[in-house]
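Below you'll find the structure, written out as structure tokens, and then a few comments.
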Amino acid sequence: MKLGMNMIREYAEIPVSPKEYEERMIMSGTGVEGTEDVSGGMEKVVVGKVLTCEDVEGTHLHQCTVDVGGEEPLHIVCGAPNVGVGKLVPVALDGARLPDGVKIKKGKLRGMISEGMLCSATELKVPQELYPSVGDEGLLIFNEEYPLGSDVKPILGIDDTAVDFEILANRPDCLCAVGIARETAAAMGTEYHGPDTSVREVGGDVHAEVKVRVEDDMFCPRYTARVIKNVRIGQSPLWMRKYLHAAGLRAINNIVDITNYIMLEYGHPMHAFDLGKVKGRQIVVRRAHAGEMLTTLDGVERKLRTEDLVICDESAATGLAGIMGGEESEITEGTQEVMFECAAFDRTAIRLTSRALGLRTESSGRFERGVCAATVMEALDRACHLVNELDAGDVVTGVIDHYPAPKAQQQITASVKRIQSRAGVEIPADAMVRILNKLFFEASLEGDVLSVKVPAFREDLDGEADICEECLRMYGYDHIGATPLRGSTTQGGVSPMKHLKNKVGRMLNGFGYLEIMNYSFTGLKEIAKLGLPEDDLRMKPMAIRNPLGEDTAVMRPTLVCDMLKTLSFNMNHMTEQASLYEMAAVFDPHHPTEEGLPTETQTLCLGAYGDQVDFFTVRGAAEAVLNGQGIACQAEAGGDCYYHPGRCARLTRGGVVFATIGEIHPAVMERFGMTRRAVVAEINLAQLLEYAKPMGEVKPLPRFPAMSRDLALVMDESVCVGPLMADMRKAAGNLLESIKMFDVYRGLQVGLGKKSVAFSLIFRANDRTLTDEEVQKAMDKVRKVCDDKHGAAIRA
């Protein structure tokens, strides 16, 4: 909440600088986020009078002499069309600083000396509603007489410091100037002077002017109203406009400005009805009917619920209670009669209506925090006092006050010794009484017993602990003695999953992969682009209750969508090649945890494209990740429908699928706007961590030499090499140290529908040097199993 310090000074003296004021308020328990010079740091801009004004031939410029109260007038070149002799204007002197940071220096313009600058309202950042002007079309002209050379900031109402207070949810009484002034007086040790709420009435009877009926006392515990006749719509005085401006509010007209000013001053949102537009001159406070429609002041027609509280005339709803008025009763220049409304509405009801309609206003924000019903009448009387002061109309005698269940004044009894023990500070008993009385409590002391009557506006207090807090924050937190920390700290570390991610990340970075990060939510349309069948559980992801938008409405059931979007983005931005990976959780609401939460599975997704990238490139990276955890897998053909049916495989071991790799299906590529082939791999990190094998016993370096044999086999194109190598390894027995495929050949020499695959086999024994006969015997077994089981014969 922003408030100008000048407005606070109306009720409490502030004998310190803005910086010290900020520190004092923070230490007394009122948060301050910062202060801001309302003038924007403007310096050396004064009132000047144009003495002469001569046109510069051939240009739009004027050569002027300007009296700024000095010994000699200044020579200033100006291009504004409305400059003229005898006019009072703001003058930026040599060395002046404007709100946008521009510094004015003496210089020459087209060979003519210019010792300053005549300023427009736009250059001084002064809005029309604060001080009327022609904007950036010409100079700001002062319509009143002011001493030459005087500072323009007080004249324009920007000689103020705005304080941005951080008011917590338990202190709605501080969401106003009066509340802050009470805290200021207590913190500064000065006196508080409340606003004048006296009202001058002109006769008549308010009950004859308007009828009010409240049908829901639970949602509206208090409703008050006064009537103003012979309304004289006009501009508010400068003092009111500058206070509104410092708080970030725009001045509109005197009647509307009074309601906004009361909201700033007392924290009570008010509404002004054009009584001539209220049908039947009757106000009804009730819950909306099912399907009832209302057009609010922002011009939007809204469909209401039965839980919404509305303000109605005799025929229909005219406003949303505590949120926004309706267009039908809006104040205009032709308004002759006004009814001021000041009420207390249920905070929960206002919050739910505001959220359901997606309509949050300054008024609803204050009602959601809580508005004190006991101070409603004081705020209404203050508004009518301002009507008298501004001569904005005539106040009809009487007031309508529906307040069926006033709250009794709260009383709290506390122990001085318990407060001292709780606070850890020996606060003197008489100091407690003095502090509480300064905070507008009625405190008395009898022995150890502190009796406290709580003011009506402090609805946040509940018991002795709250009284302790009030005493301690004003007595000073700096009185709390320093206590050395005791105990032992725990050693930090990383979880096994985090350790795995770090290890995998380092490995992939070494392969040239770059890490990407995406949001954990996506849209159903993006998932649908994968072409999954309707019964696939990934097509029914976990929905977000209050999403940012349609494209962020569900939690990700797979990382592939975002990987394809990222690859497509790079392709369409002319990136020749890319190798990317992402490690994140995917969400499964169909298999909840014991706590009823969706299962989160940590997953790794690889994606790559480019001239040097194919299926085997990404498969190699995926197998390296698995091998790094001691898991050797077999490749089996197959994969999800978004992979190319002939170019995908699963890496399995013992019936467990650890990874799926494949080239993306052309139809899916088209839906994602991809212009080149791409290969993607998915690895279940949680499963990888579960089956990972720690490093076993370290083996010594071999003492005996190895023997190698190369074997080229011709086989049908349909034969899978993975199962073939597994059978070769089994047939060779324990003497086989390793087997690798190093070449694949297809051509006329091996025949149509055939391929030639070459393998390198390494044999070694741990206890002796192998003989040719032993190796040849193992090779014979290998050739036999290849021929008998797979139809693979030695290439001629």
| field | Subset of the range 197-212 (residues that are loosely packed, with under 13 Cβ neighbours inside 10 Å, out of contact with any Gly (no Cβ under 8 Å at 6 or more places or on another chain) and over 11 Å from Lys229 (Cβ atoms)) | value | Ser198, Arg200, Ala208
| message | Every residue in the range 200-218 that is part of a loop (DSSP other than H, G, I, E, B) and out of contact with any Ser or Thr (no Cβ under 9 Å at 6 or more places or on another chain), please. | response | Arg200, Val210, Glu215, Asp216, Asp217, Met218
| request: Report yes if some residue within the range 687-704 is crowded, with 17+ Cβ neighbours inside 10 Å and either assigned to a loop (DSSP other than H, G, I, E, B) or at negative phi (or both); otherwise report no. | output: yes
| Somewhere in the range 258-275, is a residue small (Gly, Ala, Ser), over 15 Å from Leu3 (Cα atoms) and not in a strand (DSSP E or B)? | no
| note | Scanning the range 197-224 for residues that are of a type in the set (Asp, Glu) and within 40 Å of the chain's Cα centre (by Cα) gives Glu215, Asp216, Asp217
| task | Take Ser451 and decide whether it is open to solvent by 10 Å² or more (accessible area, probe 1.4 Å), farther than 30 Å from Ala373 by Cα and without any contact (Cβ under 8 Å) to a residue 60 or more places away in the chain. | result | no
| said: Please count how many residues of the range 42-94 are of a type in the set (Gly, Ala, Ser) and either under 19 Å from Glu137 (Cβ atoms) or open to solvent by 50 Å² or more (accessible area, probe 1.4 Å) (or both). | reply: 6
| said: Could you list, ordered by first residue, the pairs with Cβ atoms under 8 Å in which the first is in the range 751-773 and touching a residue at least 60 places away in the same chain (Cβ under 8 Å) and farther than 25 Å from Gly722 by Cα and the second is open to solvent by less than 30 Å² (accessible area, probe 1.4 Å) and assigned to a strand (DSSP E or B), at least 6 apart or interchain? | reply: Leu770/Phe763
| said: Tell me yes or no: at least one residue of the range 385-396 is modelled with pLDDT under 95, open to solvent by less than 20 Å² (accessible area, probe 1.4 Å) and in a helix (DSSP H, G or I). | reply: no
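Let's see how each residue does on (1) more than 20 Å from Leu532 (Cβ to Cβ); (2) part of a strand (DSSP E or B); (3) touching a residue at least 40 places away in the same chain (Cβ under 8 Å); (4) not hydroxyl-bearing (Ser, Thr, Tyr):
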| site | (1), (2), (3), (4) |
| --- | --- |
| Leu580 | yes, yes, yes, yes |
| Pro592 | yes, no, no, yes |
| Gly596 | yes, no, no, yes |
| Pro645 | no, yes, no, yes |
| Ala649 | no, yes, no, yes |
| Val668 | no, no, yes, yes |
| Arg677 | yes, no, yes, yes |
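Table: residues versus (1) outside any loop (DSSP other than H, G, I, E, B); (2) at pLDDT 95 or above; (3) closer than 30 Å to Asn254 by Cα.
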residue: Glu328; (1), (2), (3): yes, no, yes
residue: Thr332; (1), (2), (3): no, no, yes
residue: Thr335; (1), (2), (3): no, no, yes
residue: Phe340; (1), (2), (3): yes, yes, yes
residue: Phe367; (1), (2), (3): yes, no, yes
residue: Glu378; (1), (2), (3): yes, yes, yes
residue: Arg382; (1), (2), (3): yes, yes, yes
| the range 527-550, residues that are touching a Phe, Trp or Tyr at 6+ places or on another chain (Cβ under 9 Å) and not hydrophobic (A, V, I, L, M, F, W, C) | Lys529, Gly531, Pro541, Pro547
| task | Look at Ala423 and say whether it is out of contact with any strand residue (DSSP E or B) (no Cβ under 9 Å at 6 or more places or on another chain), surrounded by 15 or more Cβ atoms within 10 Å (Cβ to Cβ) and under 30 Å from Glu201 (Cβ atoms). | result | no
| query | Can you spot a residue in the range 539-558 that is among the acidic types (Asp, Glu) and within 25 Å of the chain's Cα centre (by Cα)? | reply | yes
| remark: Picked from the range 238-268 (must be out of contact with any Leu (no Cβ under 6 Å at 6 or more places or on another chain) and over 25 Å from Gln128 (Cα atoms)), the residue least open to solvent (accessible area, probe 1.4 Å) is His268
| note | Within the range 14-40, the count of residues that are open to solvent by 20 Å² or more (accessible area, probe 1.4 Å), touching a residue at least 12 places away in the same chain (Cβ under 8 Å) and not in a strand (DSSP E or B) comes to 10
| query | Hey, Arg97 hits all of (1) out of contact with any Leu (no Cβ under 8 Å at 6 or more places or on another chain); (2) farther than 24 Å from Gly135 by Cβ; (3) charged (D, E, K, R); (4) surrounded by 16 or more Cβ atoms within 10 Å (Cβ to Cβ) but one; which does it fall short on? | reply | (2)
| message | Let me spell it out: the conditions are (1) closer than 18 Å to Leu713 by Cβ; (2) surrounded by 14 or more Cβ atoms within 10 Å (Cβ to Cβ); (3) charged (D, E, K, R), and Glu774 meets all of them except one. Which number is the exception? | response | (1)
| remark: The lone condition Gly29 fails out of (1) of a type outside the set (Ser, Thr, Tyr); (2) on the phi > 0 side of the Ramachandran plot; (3) touching a strand residue (DSSP E or B) at 6+ places or on another chain (Cβ under 8 Å) is (3)
| Can Ile435 be described as within 19 Å of Gly179 (Cα to Cα), in contact with a strand residue (DSSP E or B) (Cβ under 6 Å, 6 or more places away or on another chain) and β-branched (Val, Ile, Thr)? | no
| field | Which listed residue, of Ala121, Ala186, Ala181, is at pLDDT 90 or above, under 35 Å from the mean Cα position of the chain (by Cα) and in a loop (DSSP other than H, G, I, E, B) | value | Ala121
| request: May I ask you to verify whether Leu748 is surrounded by 14 or more Cβ atoms within 10 Å (Cβ to Cβ) and either in a loop (DSSP other than H, G, I, E, B) or in contact with a helix residue (DSSP H, G or I) (Cβ under 8 Å, 6 or more places away or on another chain) (or both)? | output: no
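Residue-by-condition table, conditions (1) in contact with an Asp or Glu (Cβ under 7 Å, 6 or more places away or on another chain); (2) under 25 Å from Pro702 (Cα atoms); (3) not in a loop (DSSP other than H, G, I, E, B):
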| residue | (1), (2), (3) |
| --- | --- |
| Ser756 | no, no, yes |
| Ile762 | yes, yes, yes |
| Asn766 | no, yes, no |
| Leu770 | no, yes, no |
| Val782 | no, yes, yes |
| query | Which of the residues spanning the range 547-578 are assigned to a loop (DSSP other than H, G, I, E, B), touching a helix residue (DSSP H, G or I) at 6+ places or on another chain (Cβ under 9 Å) and open to solvent by less than 30 Å² (accessible area, probe 1.4 Å)? | reply | Ala553, Arg556, Pro557, Thr558
| request: Would you please list the contacts, defined by Cβ atoms under 8 Å and residues six or more apart or on different chains, that run from a residue in the range 780-791 that is open to solvent by 40 Å² or more (accessible area, probe 1.4 Å) to a residue that is of a type in the set (Gly, Ala, Ser)? | output: Lys781/Ala731; Lys781/Ala732; Lys781/Gly733; Lys784/Ala731; Asp787/Ala793
| message | Just to check your reading of the model, which residue among Ser718, Ser708 is modelled with pLDDT of 90 or more, of a type in the set (Gly, Ala, Ser), open to solvent by 60 Å² or more (accessible area, probe 1.4 Å) and closer than 30 Å to Ile631 by Cβ? | response | Ser708
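The values are calculated or read from the model by the stated rules, or taken from the named source; none is laboratory data. Everything numeric here is computed off the predicted structure, so don't read it as measured data. Using ideal geometry, Cβ is built from the backbone for each residue, glycine included, and neighbour counts are taken over all protein chains shown. With ligands, DNA and RNA removed, areas are computed over all heavy atoms of the protein, side chains included. Shrake-Rupley method; radii C 1.70, N 1.55, O 1.52, S 1.80 Å.
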